[in-house]
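Student: If you scroll down you'll find the structure; I have some questions about it.
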Amino acid sequence: MMTRSQQSRTSRLTRPSVAIAAAVAVTAGVVAAAPDAKTAAVAGPKLSLIAASKSVTLDSWKEEPGVYLDLGTYLTSEKGALEFKVTRKSYKDPVVASQIIRNGKKTTTKALPAGLVKDFSGLPGFMEVNVVDAAGKSVLKKTESFCPNNASGRVRPDAPAQSKYPQSCPVNPFTLGSVWGVENGWAANTYAGYYSEPVQLAAGTYTAKVSVTKKYRDLFGIANKPQSVKLTVRERSWEAPEGGSGGAATKVASSSLHSGHAGHAGHQAAADPAPSGHAGHGAPARTDAPASATTGAGATFNVGHGPYPPAPPALPWALKKQAAEKQAGKDAFGAQGFSAARVGDRAGQTDGSRQAPGAQPNAKRPTGKAAVPNVPKPDLRSLPAYGITVSDGYEDVPGKDYLAFSANVWNAGPAKLVVDGFRSPGAELMDAYQYFYDAKGKQVGYTPTGTMEWDPRPGHEHWHFTDFASYRLLKADKKETVRSGKEAFCLANTDAVDYTVKNANWHPSNTDLSTACGQENSISVREVLDVGSGDTYTQDLPGQSFDITNLPNGTYYIQVLANPENRLKETNHKNNSALRKVVLGGKKGARTVKVPAHHLVNAN
């Protein structure tokens, strides 16, 4: 049974395959493809579909057949950023999306057709991929969604150095608001990542034709210029000989193995002892397949807070200028070679693209009189439980039935929640303090707010802030029947719940456990829940999940309650509770659970 920290490490080690080449050529002619008269009339940025390389090699593993069809195609945005605001008023209302068009000081909003966008994972049916074999026969045709926040990078050296947009599209079923965007002068990978299932392609050579579907070409004024990519699929095995790339364990589908192109560079955690795929140094690095379900509730996509994979990766194809690679006879822009930056998942780097250092605590515990000033404060809110399932007690408590679930508490702002813990020498607990800041970010007050405790259990081994939330199973009359033993937490910004609220931080730090939770010998710790973000925990272990072994069948409610003792200072304490209806059935040892839709959200 994996603990929360073990799950964090596992999820970072089992990212899906994202094929990239060590060198990417982008010519000015491709980037600057001119639209026809029809597309030129459409207001907004100029969008183009490009291919980073004329050919790619993708792997199909014998142990887990299937190819992740990242063909290295990108949507570029010029003459302005491609930006969307996606919201829903409540869970009773549908998701609506609008394009935000900025022209100098003028900003206009263009509503997308009603019903086009149904969730927060991106634009559905945006891309069309048609794969033909060497004989010209079509063997695969599919459409995929497009997340504008996908893996992205600059396509010209004078583009903004950093993108202001978030690095992934949220997948929490109870997301309330999101912002999507491709920065001006940037490109976003059109591959759907975790939103896409692997495809079945035999080892061999193919040609893939990639295009933007007509409804989006018409909507955004994108020229009808499909990209063709030569595709080589090679079959490989995880048991390849350590000293080389040949042998029965590795079946190569092309004349060149390209062993130096790890194929999916950037998705291997530092904790992985395997080589990273340097050319000519032994067997090519194995591409990690997606993590299969291990324990607990339904897919959470939250790094470090559940047993399932993280949100779709956003590995940056930072197409940066390489002056040494000029090609003779070409102009100053088109002549430059561009190469893909190779970035790996390291501590605090949760989605494959951003470095998320933990916010540092104050060096000393506060002095002077505690005070709660009249400044903006956080607003903690609970999301309804999801990922609800029945599990047994595993080997820990055999013969029991448990109701497992995922729960999220988020911060609606307008101020971030900042809690520092300070430890007296030799003390087992840290004293916790909440800090307050004025509109300019200056610390103007603090107040004691309980304690932090060290969790020594293997796989945990970090500091928990006590009384952040509690979970209760209520009977049909809303009276408590079972309480979860989980009431201490390390805060991390795992989910983008609503990035449209005031002061939402689109680039939060401490996005996983390794960035915020401290070490056993820490003298102080800072834990932060930023505006717009939430912290999801999967309650799947005995003591965390609800013991339903002897509960009668019938209707119950899972209550997620933020700040249960009101120790934290908030703008509003009346919106801290969320309920999710469940119906228990079956018999002991074979209990069942039905989870009715929560208004328009039909996710268990």
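The values are calculated or read from the model by the stated rules, or taken from the named source; none is laboratory data. Remember, predicted model here, so these are calculated numbers, not experimental data. As a convention, Cβ positions derive from the backbone with ideal geometry for all residues, glycine included, and neighbour counts pool all protein chains shown. Accessible surface areas use protein heavy atoms only, side chains included; no ligands, DNA or RNA. Shrake-Rupley method; radii C 1.70, N 1.55, O 1.52, S 1.80 Å.
Student: For the subset of the range 52-80 comprising residues that are open to solvent by 20 Å² or more (accessible area, probe 1.4 Å) and closer than 19 Å to Phe146 by Cα, which member is nearest to the chain's Cα centre (by Cα)?
Tutor: Checked the range 52-80; the qualifying residue nearest to the chain's Cα centre (by Cα) is Tyr68.
Yes or no, residue by residue, for (1) outside any strand (DSSP E or B); (2) crowded, with 24+ Cβ neighbours inside 10 Å; (3) free of Cβ contacts under 8 Å to residues at least 12 places away in the same chain:
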| position | (1), (2), (3) |
| --- | --- |
| Ala404 | no, no, no |
| Trp410 | no, yes, no |
| Gly413 | yes, no, no |
| Val418 | no, no, no |
| Phe422 | no, no, no |
| Tyr435 | no, no, no |
| Lys440 | yes, no, yes |
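Student: Need a quick list: strands (runs of 3 or more DSSP E) entirely within the range 173-238 having at least 1 residues that are open to solvent by 20 Å² or more (accessible area, probe 1.4 Å). Steps first, please.
Tutor: Details: elements: 177-182, 186-189, 204-212, 227-236.
Ranges flagged: 186-189, 204-212, 227-236.
Student: What are the residues in the range 115-132 that are within 20 Å of Cys169 (Cβ to Cβ), open to solvent by 30 Å² or more (accessible area, probe 1.4 Å) and either among the β-branched types (Val, Ile, Thr) or part of a loop (DSSP other than H, G, I, E, B) (or both), if any?
Tutor: Within the range 115-132, Gly115, Lys118, Asp119 meet the criteria.
Student: So in the range 377-402, with the set limited to residues that are small (Gly, Ala, Ser), within 26 Å of Glu527 (Cα to Cα) and not in a loop (DSSP other than H, G, I, E, B), which one is modelled with the lowest pLDDT?
Tutor: Of the range 377-402, the ones small (Gly, Ala, Ser) are 382, 385, 387, 391, 393, 399.
In the following step, the residues that additionally are within 26 Å of Glu527 (Cα to Cα) were identified as 382, 385, 387.
Narrowing the set further to residues that are not in a loop (DSSP other than H, G, I, E, B) leaves 382, 387.
Working: Ser382: 96, Gly387: 90.
By that ranking, first place goes to Gly387.
Student: Here's a follow-up. Is it fair to say Arg102 is modelled with pLDDT under 95, of a type in the set (Lys, Arg) and farther than 30 Å from Ala603 by Cβ? Can you show your working first?
Tutor: On the way: modelled with pLDDT under 95: yes; of a type in the set (Lys, Arg): yes; farther than 30 Å from Ala603 by Cβ: yes.
Here the answer is yes, as Arg102 does meet what is asked.
Student: Quick one: would you say Asn503 is in contact (Cβ under 8 Å) with a residue 12 or more places away in the chain, open to solvent by 50 Å² or more (accessible area, probe 1.4 Å) and assigned to a loop (DSSP other than H, G, I, E, B)?
Tutor: Details: in contact (Cβ under 8 Å) with a residue 12 or more places away in the chain: yes; open to solvent by 50 Å² or more (accessible area, probe 1.4 Å): yes; assigned to a loop (DSSP other than H, G, I, E, B): yes.
Considered against the rule, which asks whether it is in contact (Cβ under 8 Å) with a residue 12 or more places away in the chain, open to solvent by 50 Å² or more (accessible area, probe 1.4 Å) and assigned to a loop (DSSP other than H, G, I, E, B), Asn503 comes out as yes.
Student: What single numbered condition from (1) closer than 29 Å to Pro173 by Cα; (2) in contact with a Gly (Cβ under 8 Å, 6 or more places away or on another chain) fails to hold for Asp93?
Tutor: Here Asp93 meets the rest and fails (2).
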